[in-house]
There are 2 protein chains.
Amino acid sequence: MTPDTTEIKAAPAQSDTPAGPAAGTANPLLVEVTRGAMTESRHRAALAVVDSDGNVVISAGDIEQPVYARSAIKSLQAIAMVESGAAEAFGVSQAELAMACASHSGEPRHVETAEAWLARIGCGVDDLECGPQLPGYEPALITLLASGRLPTRAHNNCSGKHCGFLTLARHMGVETAGYRLYEHPVQQRILGMLEGMTGLDLGAAPRGVDGCGIPVIGIPLGNIALAMSRLGVPDDQPEARQAACRQIRRAVAAEPFMVGGSGRFDTRVMELTGERALIKTGAEGVYCACFPALGLGAALKVDDGAGRAAEILMGRLLRRLDILSEEQAKKLGGVLQAPVHNRAGLAVGEVRPLAGIPF
Amino acid sequence: MTPDTTEIKAAPAQSDTPAGPAAGTANPLLVEVTRGAMTESRHRAALAVVDSDGNVVISAGDIEQPVYARSAIKSLQAIAMVESGAAEAFGVSQAELAMACASHSGEPRHVETAEAWLARIGCGVDDLECGPQLPGYEPALITLLASGRLPTRAHNNCSGKHCGFLTLARHMGVETAGYRLYEHPVQQRILGMLEGMTGLDLGAAPRGVDGCGIPVIGIPLGNIALAMSRLGVPDDQPEARQAACRQIRRAVAAEPFMVGGSGRFDTRVMELTGERALIKTGAEGVYCACFPALGLGAALKVDDGAGRAAEILMGRLLRRLDILSEEQAKKLGGVLQAPVHNRAGLAVGEVRPLAGIPF
């Protein structure tokens, strides 16, 4: 694996009119979905694997395009709560810290953990500024509704991240209401930390609002990968941040269930890899990863936003970097090539990397 | 709208090794998904609008690529039940016939209609060879589970189509078990009818298994559009088929709720258009339409399988052909440009046709 000559710039020229990738950009076809004798659908994507010095080790497609990393960088966002001392001051547990990095399935342990955490910092479920959401794990959904209850904001897949924001607001001694907004001190603190991790001035970066109400910031894909590599090798970051990165990596490795849930890709992979990999899915086909022992970070974005393709690409990368052994990959079954099932449970096709994929 | 010189061939050369579109094929970017200041995701697609003589009136991308039309041609599959006399023999109502053409949301009226239909033909829910499925309409899902019940096969979005297959099997006097299989007389009858409508010998076409267990047949996109135009103008088809096409168009126009459900795109559009348009969504980003008064049929397929893009393209086409007036489009709100909402219900972006779209 020889680093090529490309290097992620710490501060590329900022455009006056921030925008997405040009309409003409055609990232390569990397994933296909087969059904019977035919390829039914296909997905294009860009991917960057970068070391903590900014050297591009593997790339596909346009890695300079700005991307909203969505939930895939929750582990970065959690840094602010830890490095500020808020996590220690409020006795945030490993399970809670892992849940601050989660897009969880709304299973009972997730919901109960959020509720207990909120109570401990003097807040309630109504202080969460994300909307309610039905549990993503079907048995949990059925159990909840069959008991005559409806989901609350604690069931929202982002509730742990929001608990983290509230914890930081409490510790900073600022008003908790509005913590989701770009101008709020909590989000500004996170923005500043992200600038340190990505090596970019993000004040003029394109932005929008995430599904759970918080700001999303457009960041070139390669710089997201750089930040993920620094999560594993934060040597050039302030000391408190270095400790925070270690603590987050350990928490996620110790509590992979809290980051996702029953049967979820993130959870199943990290149950096997431990601290060798911190991986995290994000909406609209984003996936990020940190491989501390290799000194690498990764970020990928499927052009069309399909999560099924993002998982397949992450699985492929985990094999390529030998983070998952062949035996582990076999144990995971659908990681490298996911069967497409019909509603009767029969395999009728598969989601798989295309031949000729550059990694 | 001048027909161009292209014409859909009734019988193009069949390849010995059926396969999907070549990996190099790049259909044009037609839809973008914005969030705040940036385009977050984008979708490529192919589209064909064809008259009943096979003249291509509008096209984008590769319309010769074989596509599984999935649920978007349920109205064609229903022809076999009607032209055979099965529908009349078993007193199939307009609501039931519309449901044979449906991907419904599993609401009480859908489920009750399927159950009553099954009882009348001497079958039960267990004779349906599709799996059970949670209702797609959230209030119906919550009501069902909160009452302590679980979904049955009658809740499957395809249950009406399967009732139609069972009705045909009963009328043909053949074994009902296995009606979903390619070799069963019911599926062979439908295949023969599809050959007449598409103008193709489909015996060697690539095939697979649909989500509900029935065969899917790879058919060039332009020929699917041709079949949809013939559903509206079946003059060159046998007399019984001509009557069947009329009956299906009338049933769907009279009962648009049965084809989809509360708030569904198909249902909402057809409540306004009546017999001017029969439109139907299919899995993996397919949409088909029949415009009898214009003598046109349409078929489109989003490369990556995204239904959100397929809806936007169909909405755009409905405006382009003036099937929907400007006033009707306004009434429908999200048809031409669908807002992206976060979980708190705020609009944070939109799904919209790209500038420069060729229709």
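Values quoted throughout were computed directly from the atomic coordinates according to the rules given, and no laboratory measurement underlies them. What you see is a predicted model; the values in this text were computed from it and never measured. Here Cβ is always computed from backbone atoms with ideal geometry, including for glycine, and neighbour counts include all displayed protein chains.
Close amide-amide hydrogen proximity is noted between A:A283 and A:S71, A:A72, each under 5 Å apart and 5 or more residues distant or on a separate chain (H modeled in the peptide plane; Pro and chain starts excluded).
Within 10 Å of the Cβ of each residue in B:348-357, the mean number of Cβ atoms contributed by other protein chains is 1.
Solvent-free Debye calculation, one equal scatterer per alpha-carbon of the stretch A:94-215: log10 I(q)/I(0) at 0.12, 0.14 Å⁻¹ equals -0.46, -0.62. Placing +1 on the Cβ of every Lys and Arg and -1 on the Cβ of every Asp and Glu, with nothing else charged, gives chain A a dipole about its Cα centre of roughly 820 debye.
Protection proxy ranking of A:98-105, A:172-179, by the mean of other Cβ atoms within 10 Å over each peptide's residues and highest first, is A:98-105, A:172-179.
Dipole check for the stretch A:210-359: with +1 at the C-beta of Lys and Arg, -1 at the C-beta of Asp and Glu, and the Cα centre as origin, the magnitude is about 260 Debye. Quick check on the stretch B:188-318: take the gyration tensor over C-alpha atoms, sort the square-rooted eigenvalues as a ≥ b ≥ c, and tell me if it's rounded (a/c under 1.5), prolate or oblate. Since a/c reaches 1.5 but b/c is at least a/b, the shape of the stretch B:188-318 is classed as oblate.
Normalised by the number of residues in chain A, the mean separation of alpha-carbon contacts (under 8 Å, six or more apart) gives a relative contact order of 23 percent.
Derived value for the stretch B:34-143: Kirkwood hydrodynamic radius 17.7 Å. Basis is the mean of 1/r over every pair of different alpha-carbon atoms.
Averaged over peptide A:201-208, the number of partner chain Cβ atoms lying within 10 Å of each residue's Cβ comes to 3.
Placing unit charges on each Cβ (+1 for Lys and Arg, -1 for Asp and Glu) gives the stretch A:235-287 a dipole about its Cα centre, and among A:A283, A:P256, A:C245 the Cα reaching farthest toward its positive end belongs to A:P256.
Across peptide A:127-135, the mean count of Cβ atoms from other chains lying within 10 Å of each residue's own Cβ comes to 2. Considering the stretch A:298-338, its Cα convex hull presents a mean projected area of 2.8 nm². Each of A:A146 and B:A26 was given a label point 7 Å from its Cα along the Cα-to-Cβ line. The distance between the two points is 5.1 nm. Based on the Cβ-Cβ distance from A:E327 to A:Q94, what FRET efficiency comes out when R0 is 30 Å, to the nearest 0.05? E between A:E327 and A:Q94, to the nearest 0.05, is 0.60. Given B:K280/B:K301; A:K161/A:K280; A:K280/B:K301; A:K280/A:K301, which pairs have Cα atoms separated by over 24 Å? With Cα atoms farther than 24 Å apart: A:K280/B:K301.
According to the square roots a ≥ b ≥ c of the eigenvalues of the Cα gyration tensor, what is the shape class of the stretch A:235-303, taking rounded for a/c under 1.5, prolate for a/b larger than b/c otherwise, and oblate for the remainder? Judged from the Cα gyration tensor, the stretch A:235-303 comes out oblate (a/c at least 1.5, b/c at or above a/b). More than 38 angstrom separation, counting every C-alpha pair in chain A; what % is that? Cα-Cα pairs in chain A separated by more than 38 Å: 13 percent. A helix-only calculation puts chain A at -11000 deg cm²/dmol for mean residue ellipticity at 222 nm, using -39500 (n - 2.57) for each DSSP H run of at least four residues, averaged over all residues. A simple charge model with +1 on the Cβ of Lys and Arg, -1 on the Cβ of Asp and Glu and nothing else charged puts the dipole of the protein assembly as shown at about 800 debye relative to its Cα centre. Taken over the C-alpha atoms, the protein assembly as shown has Rg and Dmax values of 26.4, 83 angstrom. Considering only A:M228, A:I214, A:V186, the residue lying farthest towards the positive end of the dipole of the stretch A:179-241 is A:I214, judged by Cα position with unit charges set on Cβ.
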